[in-house]
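The values are calculated or read from the model by the stated rules, or taken from the named source; none is laboratory data. Note that the structure is predicted; figures quoted are calculated from it, not measured. For neighbour counting, all protein chains shown are included, and Cβ atoms are generated from backbone atoms with ideal geometry for every residue, glycine included.
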Amino acid sequence: MDEQCDILVLGAGLAGCSAALSAADEGKKVIIVTKTPQLMSGNTPYAQGGIIYKGLHDSPEKLKTDILIAGDGHCWEPAVDQLVHLGPDLVEKILLERCAVDFDYNGDELDRTAEGAHSESRIIHSKDKTGKSIEFSITQKVQTHPNIKILTDHTVVDLLTLSHHSKNSVDIYEKPACFGAYLLNNKTECVFPNYASRTILATGGLGRIYLHSTNPKESTGDGIALAWRAGARCFNLQYIQFHPTTLYSSKERFLISESVRGEGGVLVDKNGRQFMFDFHPQGSLAPRDIVARAIHQTMLDTEHPCVYLDIRSKDPQWLQARFPTINQHCLDVGVDMTKDLIPVVPAAHYSCGGVGVSLKGQTSVQRLYAVGEVSCTGVHGANRLASTSLLEALVWGHLAGKDAAKTCKQKDYYPEIDAWEECSQRVDQALISQDWNNIKSTMWNYVGLIRTPLRMHRAQTIFHHLQSEVESFYRDAKMTKEIVELRHGIQTAIAVSNAAIQAKKNLGAHYIKEEE
Ligand SMILES: Cc1cc2nc3c(=O)[nH]c(=O)nc-3n(C[C@H](O)[C@H](O)[C@H](O)COP(=O)(O)OP(=O)(O)OC[C@H]3O[C@@H](n4cnc5c(N)ncnc54)[C@H](O)[C@@H]3O)c2cc1C
């Protein structure tokens with residue numbers, strides 16, 4: 001059965017929840033969708049460090065300067081100004097007062113810490129599980145809001161646009177506009193249209209198109225593919241931030257905080273050699289990008305799937321008290337960090353680019369917004385300052401929800417569309433899993449930390465061939481979440497590799513090595 005609402009929010013991380021609440025507060029009928037069985041989902045619950053608030057001796061100008069430096073001269077200043085001026089107020093109103101997130105206190109004051117490249121201690125946190133606390137509290141508010149309907153276990157297949165879906169052929173002459181989305185009910189495997197006056201894309205990151213990623217499995221970059229196919233402008237996609245050290249094991253990559261190196265941990269190769277001095281005079285304490293690339297190069301040189309972090313010089317009891325969560329994760333995979341070397345690899349962490357948006361989250365397609373990690377507001381430029389992303393998701397989510405509610409009209413045009421054609425062909429799971437292996441290893445090796453023109457061209461050839469294969473079996477396939485994700489994944493990989501190949505200059509997180 002078809003669905004209809006005023007505002008359709010695609011994604012239930014912090015950005016989606018923030019947008020849903022602000023639109024619903026204006027009295028609009030909101031539907032929020034996630035492809036996961038539970039509402040709490042996406043990268044948000046994985047965030048450990050914290051969210052920017054304000055330091056005791058801080059100012060918007062100081063924060064702005066830190067963001068601009070990290071962004072390597074490529075930030076859009078109006079967006080940075082909006083973030084630094086509105087951000088702290090919205091943290092207070094939404095997260096502290098309305099959601100009562102259990103942030104840590106030091107006496108009567110919120111506990112504030114600094115992270116790399118912050119000139120002030122301005123980051124508030126809830127132990128080392130800030131994202132989980134925020135997502136838990138805000139999803140509670142979403143679940144109890146009378147104007148919000150929740151669709152979990154529903155995957156967005158495509159955005160509905162005038163140019164692609166209207167039965168009225170002359171609609172092609174109208175400005176590109178979105179009037180909802182095709183959703184797949186993962187359980188019944190039926191696809192249906194959800195019509196909406198305004199649609200807000202909040203599908204999060206794309207880390208999972210890479211072999212190694214800190215992101216959860218739902219972060220397959222679906223929103224980039226959806227927007228791309230709808231004709232929305234996407235940019236800065238070449239700026240993928242990689243985290244230098246995640247635990248290498250057969251389980252999901254777990255982030256090993258940079259503070260382990262800060263406390264004296266050193267990086268060694270499989271032969272126990274401290275290789276970082278070959279790359280930078282600061283050795284293991286070199287800047288994040290340099291460490292990540294050095295690890296990647298050393299893995300290639302030694303033909304070994306990881307390098308190691310050695311913190312055995314520290315007192316075992318001190319280590320267990322200082323890093324309880326990391327210690328536990330290591331123990332879970334049989335590594336005792338007080339006695340053993342910790343196997344680590346870099347991993348795709350954050351997408352600085354995405355669907356281009358205005359200060360209110362409007363995309364280049366009418367009636368379509370994008371917020372959070374899927375969007376590109378211009379705040380991050382070519383590289384992200386730590387802990388700005390949760391704040392950006394909160395602020396743009398809130399503003400987009402408000403603007404969508406304000407501009408949404410009863411009389412919006414909904415063209416007639418063709419009924420969804422059900423196909424019955426089951427896709428062989430072996431094909432899907434091999435195609436994913438292909439996407440992830442190609443992105444990792446050719447469009448990853450160290451890029452060369454030859455590698456990127458090779459990636460494009462592989463992806464274009466793969467895309468035609470995937471499209472040909474997609475057309476006749478019985479829809480499942482897996483096939484929909486694969487189609488999105490290959491499209492997003494193409495979008496990122498196109499952006500990387502076109503960006504000739506090394507800037508921020510985009511690094512091209514000259515060919516030997
Ligand atoms: C390990 C880790 C640590 C981090 N630490 C920090 C930190 O300390 N501070 C900070 O500011 N940032 C941090 N970040 C980044 C930050 O967590 C994210 O940028 C932010 O949470 C993104 O929020 P979002 O709402 O845009 O997307 P997400 O939280 O990723 O939510 C995306 C939503 O979209 C849904 N979705 C996706 N595709 C579809 C589809 N096709 N159909 C239906 N639903 C779909 C997902 O299920 C999910 O509900 C960290 C990230 C990671 C991975």
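Some values worked out for this structure:
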{"item": "Verdict on Val379 being more than 13 Å from the ligand (Cβ to nearest atom) and among the hydrophobic types (A, V, I, L, M, F, W, C)", "result": "no"}
{"item": "Per-region count, segment 276-312, residues more than 22 Å from Ala509 (Cα to Cα) and either modelled with pLDDT under 95 or touching a Leu at 6+ places or on another chain (Cβ under 7 Å) (or both)", "result": "4"}
{"item": "Extreme residue, farthest from the ligand (Cβ to nearest atom), among residues of segment 234-253 that are crowded, with 21+ Cβ neighbours inside 10 Å and under 20 Å from Thr325 (Cα atoms)", "result": "Tyr248"}
{"item": "Some residue of segment 130-138 being modelled with pLDDT of 95 or more and more than 23 Å from the chain's Cα centre (by Cα)", "result": "no"}
{"item": "Single residue of Tyr105, Tyr46 found to be more than 14 Å from the ligand (Cβ to nearest atom) and under 20 Å from Thr130 (Cβ atoms)", "result": "Tyr105"}
{"item": "Yes/no for Gly11 being on the phi > 0 side of the Ramachandran plot and within 15 Å of the ligand (Cβ to nearest atom)", "result": "yes"}
{"item": "Every pair of residues 6+ apart whose Cβ atoms lie under 6 Å, when the first sits in segment 358-371 and is assigned to a loop (DSSP other than H, G, I, E, B) and of a type in the set (Ser, Thr, Tyr) while the second is surrounded by fewer than 24 Cβ atoms within 10 Å (Cβ to Cβ) and modelled with pLDDT under 95", "result": "none"}
{"item": "Every residue from segment 382-403 that is away from the ligand (no atom under 16 Å from the Cβ) and touching a helix residue (DSSP H, G or I) at 6+ places or on another chain (Cβ under 6 Å)", "result": "Lys402"}
{"item": "Members of segment 34-59 that are within 27 Å of Tyr195 (Cβ to Cβ), out of contact with any Gly (no Cβ under 7 Å at 6 or more places or on another chain) and buried (at least 24 other Cβ atoms within 10 Å of the Cβ)", "result": "Lys35"}
{"item": "Residues (among the aliphatic types (A, V, I, L, M) and under 15 Å from the mean Cα position of the chain (by Cα)) located in segment 10-39", "result": "Leu10, Ala12, Leu14, Ala15"}
{"item": "Residue within segment 28-42 that is at pLDDT below 95, outside any helix (DSSP H, G or I) and near the ligand (Cβ under 9 Å from one of its atoms) present", "result": "no"}
{"item": "Selection count, segment 119-139, where residues are away from the ligand (no atom under 15 Å from the Cβ) and either of a type in the set (Asp, Glu) or more than 24 Å from Ile67 (Cβ to Cβ) (or both)", "result": "1"}
{"item": "Selected residue [within 16 Å of the ligand (Cβ to nearest atom) and either in a helix (DSSP H, G or I) or touching a Lys or Arg at 6+ places or on another chain (Cβ under 7 Å) (or both)] from Pro88, Pro78", "result": "Pro88"}
{"item": "Residue within segment 126-148 that is within 20 Å of Val9 (Cβ to Cβ) and part of a strand (DSSP E or B) present", "result": "yes"}
{"item": "Cβ pairs under 6 Å, 6+ apart, first in segment 1-26 and farther than 14 Å from Thr203 by Cβ, second more than 14 Å from the ligand (Cβ to nearest atom) and in a loop (DSSP other than H, G, I, E, B)", "result": "Cys5/Lys29; Asp6/Lys28; Asp6/Lys29; Asp6/Cys408; Ile7/Lys28; Ala24/His145; Ala24/Asn147"}
{"item": "Test result for Glu422, surrounded by fewer than 24 Cβ atoms within 10 Å (Cβ to Cβ), over 30 Å from His349 (Cβ atoms) and at pLDDT 95 or above", "result": "no"}
{"item": "Subset of segment 409-446 (residues that are of a type in the set (Gly, Ala, Ser) and touching a residue at least 60 places away in the same chain (Cβ under 8 Å))", "result": "Ser441"}
{"item": "Residues of segment 300-325 satisfying the condition of being closer than 19 Å to Ser259 by Cα, hydrophobic (A, V, I, L, M, F, W, C) and touching a strand residue (DSSP E or B) at 6+ places or on another chain (Cβ under 8 Å)", "result": "Val307, Leu309, Ile311"}
{"item": "The listed residue being of a type in the set (Asp, Glu), surrounded by 15 or more Cβ atoms within 10 Å (Cβ to Cβ) and within 30 Å of Ala419 (Cβ to Cβ), out of Asp6, Asp104, Asp81", "result": "Asp6"}
{"item": "Exclusive hit being at pLDDT below 95 and hydroxyl-bearing (Ser, Thr, Tyr), set Tyr511, Tyr474", "result": "Tyr474"}
{"item": "Selection count where residues are part of a loop (DSSP other than H, G, I, E, B), touching a helix residue (DSSP H, G or I) at 6+ places or on another chain (Cβ under 8 Å) and of a type in the set (Phe, Trp, Tyr), scope segment 225-278", "result": "1"}
{"item": "Pair list, Cβ < 9 Å and 6+ apart or interchain, from segment 328-353 residues that are free of Cβ contacts under 8 Å to residues at least 24 places away in the same chain to residues that are crowded, with 24+ Cβ neighbours inside 10 Å", "result": "Leu331/Met337"}
{"item": "All positions within segment 14-27 that are surrounded by fewer than 24 Cβ atoms within 10 Å (Cβ to Cβ) and part of a helix (DSSP H, G or I)", "result": "Ser22, Asp25"}
{"item": "Among residues of segment 156-215, those that are under 27 Å from the mean Cα position of the chain (by Cα), under 22 Å from Ala404 (Cα atoms) and without any contact (Cβ under 8 Å) to a residue 60 or more places away in the chain, counted", "result": "0"}
{"item": "For Cys352: the one exception among (1) closer than 30 Å to Ala294 by Cα; (2) within 8 Å of the ligand (Cβ to nearest atom)", "result": "(2)"}
{"item": "Check on Ile67, β-branched (Val, Ile, Thr), within 9 Å of the ligand (Cβ to nearest atom), under 18 Å from Ser351 (Cα atoms) and touching a helix residue (DSSP H, G or I) at 6+ places or on another chain (Cβ under 7 Å)", "result": "no"}
